[in-house]
Amino acid sequence: MPSASTGAPTTVGALSSPSPEPTPSRLAPGVPGYRRMSLALFAAGVAAFALLYSTQALLPAVSGEFGVTASAASWTVSAATGALALCVLPLSALSERFGRVRLMTVSLVVATALGLLVPFAPGPEWLVALRAVQGAALAGIPASAMAYLAEEVRPKALIAAIGLFVAGNSIGGMSGRIVTGWVAQLWGWRAALAAVGLMAVVCTVAFRLLLPKARHFTPGPLNAGALARTVRGHLSDPLLMRLYGIGALFMTVFGAVYTVIGYRLAGDPFGLPQGVVGSVFLVYLVGTVSSAAAGRLVGRLGRRGALYLAVGTTAAGLLLSLADSLTAVLSGLVLITAGFFAGHAVASSSVSRTATTGRAQASALYQSAYYLGSSAGGTLGAVAFHSGGWAGTVLLGLLAVLGVVSITLYGSYAARVRERRPLLSAAAVRH
């Protein structure tokens, strides 16, 4: 997702540039080193996304200890995701110069070291600052992992390798929240963050010991001018901008809901303990199913049809969650999660199809928009909850959903206009 993954979400990489000729030195199932590579990147995904969202299930406990509001506590999540969003693009450029393995290693070591310091934050300001630096460090993982896979894995084995890495993202995001919930119930939120830090240490060591040496990376110069031109080209493409907006708005809904849901379930009328609240994140498994189904939905309904279905599912979940029934709230979370992951899968996969050049940078910009949406959703969702309770958070989510509908409708209108222009031109020539 945390690709959608999982929340996790898709990651940045040079998927457009793997060598079309599978050489013997490239990795594939049955080739020495493939299993080690898969396990190494799985471990990196678990560590990265467990760390990134480590405080999300703990926000009520953080609020209670420091005496701060939900909106103030939410910055412990928003600062990390916002910093990651801002750093993905520049770190993807650094990976071109210094290497994928080196950047991933430095990112994990720095983020894990910070993860061991975070539990000792003396106050909320220190906690937010440490989390922001941690998010910036973690940006090196999505900025490098997919490019590494594209360079080192045979094309026919690439999708399977990517799938295992994304699974690590999803499991890391989910397990980090569940672990923190139960540990916090027994020993407090600081011990919970320490547990995630220790888990990240194990994953980082496994990553570094298992990952095979890169054999196909060729360092390139840091060309800021070329990068800026590519980025400007993507930002001037109307379709890409619509896809970035859709990704950001879907993540705004998701970030708002999962940042505030702990307060909703811990308070009246439910009063659930911290461990049970953390276990609610098992709903993420629904996202794995809906992400996988997104391709079939697009085949049957088209991209816009699949987006409308995702939007409708998300909106239905938001409305259902308003009921003061635990069954209704959990059912609403299932629908919200399924709709979000399906919509994110459609939008993110459309970015690579739309960008004809600079696909790595196009994906990086999508990641930036996605995590900025997460940051905005976490903060605004908590502000809305503080002002209007759960209904305020739902209203924010519905407004974001309306934004997705508006962008999609405008895209349909723009497509019809483009299709009519040749017909009008031909009619004008005949007359």
Kindly list the number of the only condition in (1) touching a Pro at 6+ places or on another chain (Cβ under 9 Å); (2) at pLDDT below 90; (3) exposed (fewer than 14 other Cβ atoms within 10 Å of the Cβ) that fails for GLY220. (1)
So for segment 60-67 (the condition being at pLDDT 85 or above, in contact with a helix residue (DSSP H, G or I) (Cβ under 9 Å, 6 or more places away or on another chain) and either buried (at least 24 other Cβ atoms within 10 Å of the Cβ) or β-branched (Val, Ile, Thr) (or both)), does at least one residue qualify? yes
Suppose we keep only residues that are part of a helix (DSSP H, G or I) and among the polar types (S, T, N, Q) within segment 298-350. Which one would you say is surrounded by the fewest Cβ atoms within 10 Å (Cβ to Cβ)? THR327
Answer yes or no as to whether TRP182 is aromatic (Phe, Trp, Tyr) and surrounded by fewer than 17 Cβ atoms within 10 Å (Cβ to Cβ). no
I'd like to know if segment 258-278 contains one or more residues that are basic (Lys, Arg) and either more than 26 Å from ALA73 (Cβ to Cβ) or open to solvent by 40 Å² or more (accessible area, probe 1.4 Å) (or both). no
Just the residues that are of a type in the set (A, V, I, L, M, F, W, C) and farther than 24 Å from GLY275 by Cβ, please, taken from segment 49-71. none
Every residue in segment 351-391 that is in a loop (DSSP other than H, G, I, E, B) and either at positive phi or open to solvent by 20 Å² or more (accessible area, probe 1.4 Å) (or both), please. THR356, THR357, GLY358
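The values are calculated or read from the model by the stated rules, or taken from the named source; none is laboratory data. Just so we're clear, the structure is a prediction, and the values are computed from it rather than from any experiment. Neighbour counts are summed over all protein chains in view; Cβ atoms, including those assigned to glycine, are modelled from backbone coordinates with ideal geometry. The accessibility values were calculated without ligands, DNA or RNA, using every heavy atom of the protein model including side chains. Shrake-Rupley method; radii C 1.70, N 1.55, O 1.52, S 1.80 Å.
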